[in-house]
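As structure tokens, the structure follows; a few thoughts come after it.
Here, each number is a calculation from the coordinates, and none is a lab measurement. What you see is a predicted model; the values in this text were computed from it and never measured. Every residue, glycine among them, receives a Cβ derived from its backbone with ideal geometry; neighbour counts consider all protein chains shown.
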Amino acid sequence: MNETQKRVAVIGAGIAGLSAAEELARAGFAPVVFDKGRGPGGRTSMRRAPPFEFDHGAQYFTARDEGFVERVRHWQSEGVVAPWTGRIVALASGRVSELREPTLRWVGVPAMNALATRLARELDVRCNTQVSSASFEGGAWRLRNAAGELLGHFELLVATLPLPQAAALFRGQSELAQRAAQVEASPCWAVLVGLHERLAVEFDGAFCHDSGLSWIARNNSKPGRAAGESWVLHATPEWTRAHLELPREQVAARLIDEFARASGVELQPLAHSDAHRWRYALPAPLEPSGPSSVASPAPLAWLDDARALAFAGDGCVGGRVEGAFLSGQAAARALVARG
Ligand SMILES: Cc1cc2nc3c(=O)[nH]c(=O)nc-3n(C[C@H](O)[C@H](O)[C@H](O)COP(=O)(O)OP(=O)(O)OC[C@H]3O[C@@H](n4cnc5c(N)ncnc54)[C@H](O)[C@@H]3O)c2cc1C
């Protein structure tokens, strides 16, 4: 970094934060990315319990935007992503039906976090670093960790933590905080199950109806995974809200029962089970209006122009990997254009 270059920080090393940082680096900045997690990835993280592996957040992603499709093809050529060709069906009260629309589903290889790991490779990403306060003083953002230690001061800042959390961090510091406070995000209990044998069902993933589960998937049917028979079960937002504070073991037991009700097949012989609660799993973005949206071509990120702050992430555009990627990119471009 040269003396006159603006200092830039990104909060969050999920897909949005990494895409923003990549774009800022491309524009000649040297962004520092802070994440409170152990590694990059955010909601595209994975869990290991050998011989089982679980993508316990995002299950796959789709690509519709032309530029994003091009990037995905490039990552495919690098071996970072691949199509998931498992049989995905709809499931209602034990009855299996085919989905109407054919969908190309992409997954990270060997796990969903491969994409974040790839993006982080060429960036300055500082994990295990929670940003606990952000204050705008003398034309720069001062970021501090939980111990109150200064992480640095930055002239440009992109915040990609889930919007309800961004609202709390930036309360009283930016007009964007009030808007972010209006965004609701639904929680999701994820249950991770390892079996001693292959489960005798003729599908690899299913959207569930009339159930406390919204989605079930055989993780080892995705490309490049370990062979252990690994199932991921996602509860509906309603079920999760009703059982938000239940201990993990009880959540696992109840959703394993729910699996049997939904599919007519018992998840056994059981070798491993655990549960993870995503508190801000899927956001419900606001209507695309308001003075602070990046107006053109679509409100993919929010900009506080006076304070050189952008909010980005799936909360701005809808709970999807593609949306998060495009939002981070849009936030970075808006800040670069602002100068
Ligand atoms: C259960 C579940 C299933 C999903 N299924 C799909 C799917 O099938 N397809 C799809 O496309 N999408 C899916 N999604 C959504 C997808 O995962 C998200 O849209 C996307 O990963 C969001 O990326 P992001 O960068 O906006 O946010 P995140 O991934 O949440 O990244 C935010 C980052 O900020 C960090 N952070 C938070 N607070 C702080 C702080 N104070 N200081 C420092 N760091 C902080 C977090 O650790 C995190 O890494 C799913 C999500 C969940 C939870």
**Complete:** Cα extents of the chain per principal axis, largest first, Å, are 63, 43, 37
**Asked** Roughly how many whole Å is it from the C-alpha centroid of segment 17-64 to that of segment 84-159?
**Response** 4 Å
**Item:** Diffusion coefficient, µm² s⁻¹, Stokes-Einstein with Kirkwood Rh over alpha-carbon pairs of segment 1-133 at 10 °C and 1.306 mPa s
**Value:** 95 µm²/s
**Message:** Run the simple label-point estimate for Ser135 and Arg87 please: 7 Å along Cα→C-beta, distance reported in nm.
**Reply:** 6.1 nm
**Message:** Within 10 Å of each candidate Cβ there may be at most 13 other Cβ atoms; applying that plus a DSSP loop requirement, which trypsin sites (Lys or Arg not before Pro) in segment 15-64 survive?
**Reply:** Arg38, Arg64
**Item:** Compactness relative to 2.2 N^0.38 Å, alpha carbon Rg of segment 6-62
**Value:** 1.36
**Message:** Need the full-extension length gain, Glu70 to Gln268, defined as separation in residues times 0.36 nm minus the C-alpha distance. One decimal, nm.
**Reply:** 67.1 nm
**Fewest-first ranking of Phe325, Phe259, using other Cβ atoms within 10 Å as the exposure measure** = Phe259, Phe325
**Message:** Residues of segment 83-112 with backbone nitrogen within less than 19 Å of a virtual label 7 Å along the Cα-to-Cβ line of Arg38, please, listed as ranges.
**Reply:** 110-112
**Prompt:** Ranked by Cβ crowding within 10 angstrom, fewest neighbours first, how are Arg241, Arg118 ordered?
**Reply:** Arg241, Arg118
**Request:** Tell me the label-point distance for the pair Asn145, Ala226, using the 7 Å Cα-to-Cβ offset, in nm and rounded to one decimal.
**Result:** 3.0 nm
**Prompt:** Rounded to the nearest 5, what is the percent of antiparallel bridges among the DSSP beta bridges in the chain?
**Reply:** 75 percent
**Asked** Tell me, Kirkwood radius of segment 68-221 from alpha-carbon pair distances, in Å?
**Response** 19.8 Å
**Message:** Could you tell me the relative contact order of the chain? Use alpha-carbon pairs under 8 Å, at least six residues apart, and round to a whole percent.
**Reply:** 22 percent
**Request:** As a check on your grasp of the helix formula, calculate [θ] at 222 nm for the chain: sum -39500 (n - 2.57) over DSSP H runs of n ≥ 4, divide by the residue count, round to the nearest 500.
**Result:** -7500 deg cm²/dmol
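List Arg248, Arg121, Arg218 from most exposed to least, where exposure is judged by having the fewest other Cβ atoms within 10 Å.
Ranking Arg248, Arg121, Arg218 by Cβ neighbours within 10 Å, fewest first, gives Arg121, Arg248, Arg218.
May I ask you to list the GluC sites (Glu not before Pro) in segment 1-63 that are in a DSSP loop and have at most 12 other Cβ atoms within 10 Å of their Cβ?
When the GluC sites (Glu not before Pro) of segment 1-63 are filtered for loop state and at most 12 Cβ neighbours within 10 Å, Glu3 remain.
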